[in-house]
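Reviewing the structure listed below.
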Amino acid sequence: AAAVVALVAVPRNTPALGARDVEVLSDITNTTGDGDFEAALKQALAVKLEESPFLSIYGDGRVREGLRLMGRDSEERLTASLARDLCQRQGLKATINGSIAPLGSRYAVSLVAVACESGDPIARTQAEASSKEEVLRSIGEAAVSLRQRLGESLASIRAHDAPIEQATTTSLEALRALSLGQAARDRRDNRAAVPLLKRAIEIDPNFAMAHARLGAVYFNQRRMNEARASFARAYELRGRVSEIERFYIDAWRAQVVLSDDLKAVEAYQAWQQSYPSDYTTYNNLAVLFLNLSRDDEALVQAQEAMRLNPDGAFPYGNLSEVFIRLQRYDEARQVVEAGLARGFKYPMDLIRIGRAQGDRSLVEKGMSLMPDRERPVELAYLRFEELLAAGRFREAFVAREEAVAAQRAADSETGANAGAMGGVIEAAIAGTPDARARIAEVLNRPAMPAGQLAGASMALAILGDVPESKRRLDAALAAGAGAPEAERVWRPRTESLLASAAGDYPKALAAQRPMQSVKRSRPPLLYISGTANLGAGRGADALADWQRLKQITGFGFWHAMGTLGVARSTAMLGDAAAARRAYQDFFAAWKDADADLALMTQAKAEYAKLGSP
């Protein structure tokens, strides 16, 4: 036999674990002298324990945060004694400690669950492996035995027990590389994670979770083509993962490869049903519900993620995002401040809250929290956005070039087209004299990505250039053939704008149908919808679009467009007093705007028609 597993009985009065109890997994004690075992075996053990819906393993990120709060190095080795100390301080139930030792020419693997409060063992398992190659299988079988002794039912174990070599990899070296790469990713060091995860794939090209984790890193780096390729490959290999990892791959594939938020919601909800204590599902559903403009549902999910994982950085960021979306800025600030107290930094949230509330000191505080390497880039882009918000387009485009230069200096991976579309659509809406020249500048750049071609098509449609807009849309659709956004967003938004430009507003509204599921979370799509509804004389529907646009932006160019849209809609509905107030708010926001903006000229003429109160 490859492995021999023995259950070791403990006294009957030893407490069993409950379904809501949380366990800390310590680092493997390795006395073999073979360094391949330590990180690799802990990773393998974590896979086998985390596939159990009965157990709840304290995540590595929470461990690092707990160590930091204890005044320890967050990267310190988590010995059995330190794990118990952490467990007691966090009010958890048990530690699970593993060890591997030489046994002649064989290897002995031991697992023991220890009650944190008393230090008494709850259950032990032991296994022997005849060779190094069989150790992974031995630890997998020992983990299953431990799960049974801790109280998990046989039915649950049968339903959630993928063979370890199938759920991970047969290579200890690949597993070790994955573990190190995941640790770097958890530290938000995506640059360091990439070569480690690539190394895991080089060793075992069929290592599904290495592909999936690499996809997540690429996603965080906004390297979307590479992220899609990685998740697509992980999906092809999903027969070699545990159930919880299959949920992970399915959900990410839906989000990134298919760009289908509704399908991703289904995957996360299925995951949540099987693993109700996994905060990841609540955390990611909060983001998805925001994308789908289901704000109240996002709030419920974000709050539950915070309850389940108050030691992690992501729940604070997502709950803050929900409160910002709901314009509950004081509560958003409280969440950010609570995160800051734990050492987490959310500079952009502070900046957005400060901008929405007109609190410059909060904006400056957010800037001070940015890493030195990122600060020049963000400062430059913030200046660009503030100038756009004020209608100062000439200065804005100078600031844009400074921002692009800063980004390139900070990130060698940024392509030559970085920032090319920045402000171009806004310039078309504002009617700047050089709007066409700005579009031409974008289109003259070599190797334009499909998404930017589609953006240029949208800008040309706003200007009413029908032939060129259609030509650029066709080029974008050809270049992005198969891209999820192509038929859901690129085509309908341009066709709706072209119909509006031609005065055919029913056709404009009909063209928007494919983008309805994402419209309420994207400012440009709300602008397009509001424009068509105004043209069609549907004042109430238009007002709803503009109010939503203001809600989800809080500040900036699109917020100003929402204010002007509210003015136009309330005027259409016969509420002259509300219309005057909204026009006055718009004029205040654009008090220093360029003098030759067509949009400002139109707005002043509309205001004059309202007459005196």
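Data for the structure
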| read-out | value |
| --- | --- |
| Cβ-Cβ under 6 Å pairs, at least 6 apart or on other chains, the range 529-546 side under 10 Å from VAL566 (Cα atoms) and hydrophobic (A, V, I, L, M, F, W, C), far side open to solvent by 40 Å² or more (accessible area, probe 1.4 Å) and part of a loop (DSSP other than H, G, I, E, B) | none |
| Qualifying positions in the range 58-76 - open to solvent by less than 30 Å² (accessible area, probe 1.4 Å) and in contact (Cβ under 8 Å) with a residue 60 or more places away in the chain | GLY59, GLU65, GLY66 |
| Cross-chain or 6+ apart pairs with Cβ under 7 Å, the range 185-205 first and within 11 Å of ASN220 (Cα to Cα), then outside any loop (DSSP other than H, G, I, E, B) and of a type in the set (S, T, N, Q) | ASN190/ASN220 |
| Failed condition for LEU477, given (1) touching a helix residue (DSSP H, G or I) at 6+ places or on another chain (Cβ under 6 Å); (2) of a type outside the set (Gly, Ala, Ser); (3) modelled with pLDDT of 95 or more; (4) open to solvent by 10 Å² or more (accessible area, probe 1.4 Å) | (3) |
| Candidates ALA435, ALA456, ALA511, ALA450, filtered to the one that is open to solvent by less than 40 Å² (accessible area, probe 1.4 Å) and free of Cβ contacts under 8 Å to residues at least 24 places away in the same chain | ALA511 |
| Count of residues meeting criterion [closer than 17 Å to GLN43 by Cα and over 37 Å from the mean Cα position of the chain (by Cα)] in the range 107-132 | 3 |
| Selection count where residues are open to solvent by less than 30 Å² (accessible area, probe 1.4 Å) and over 23 Å from the mean Cα position of the chain (by Cα), scope the range 514-530 | 3 |
| Lone unmet requirement of (1) among the charged types (D, E, K, R); (2) part of a loop (DSSP other than H, G, I, E, B); (3) open to solvent by 40 Å² or more (accessible area, probe 1.4 Å) for ASP585 | (2) |
| Which numbered condition PHE219 misses (of (1) at pLDDT below 85; (2) under 15 Å from the mean Cα position of the chain (by Cα); (3) open to solvent by 70 Å² or more (accessible area, probe 1.4 Å); (4) of a type outside the set (A, V, I, L, M)) | (1) |
| Residue within the range 77-92 that is open to solvent by 50 Å² or more (accessible area, probe 1.4 Å) and within 15 Å of GLY140 (Cα to Cα) present | no |
| Residue check for ARG360: among the basic types (Lys, Arg) and within 26 Å of GLY71 (Cα to Cα) | no |
| Residue among ILE122, ILE157 that alone is closer than 23 Å to ARG84 by Cβ and in contact (Cβ under 8 Å) with a residue 40 or more places away in the chain | ILE122 |
| Qualifying residues in the range 238-259 (those that are outside any helix (DSSP H, G or I) and among the hydrophobic types (A, V, I, L, M, F, W, C)) - the one least open to solvent (accessible area, probe 1.4 Å) | VAL241 |
| Where a residue in the range 228-239 is within 15 Å of THR168 (Cα to Cα) and its partner, wherever it lies, is outside any helix (DSSP H, G or I), with Cβ under 7 Å and at least six apart | LEU237/ASN206 |
| Hey, ALA200 modelled with pLDDT of 95 or more and surrounded by 21 or more Cβ atoms within 10 Å (Cβ to Cβ) or not | no |
| Pair list, Cβ < 7 Å and 6+ apart or interchain, from the range 133-151 residues that are assigned to a helix (DSSP H, G or I) to residues that are acidic (Asp, Glu) | LEU136/GLU165; ARG137/GLU165; SER138/GLU128; VAL144/ASP161 |
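The values are calculated or read from the model by the stated rules, or taken from the named source; none is laboratory data. Computed from a predicted structure; not experimentally measured. A quick note on method: Cβ atoms are made from the backbone with ideal geometry, for glycine too, and the neighbour counts reach across all protein chains shown. Side chains included, ligands, DNA and RNA excluded: accessible areas come from the protein's heavy atoms. Shrake-Rupley method; radii C 1.70, N 1.55, O 1.52, S 1.80 Å.
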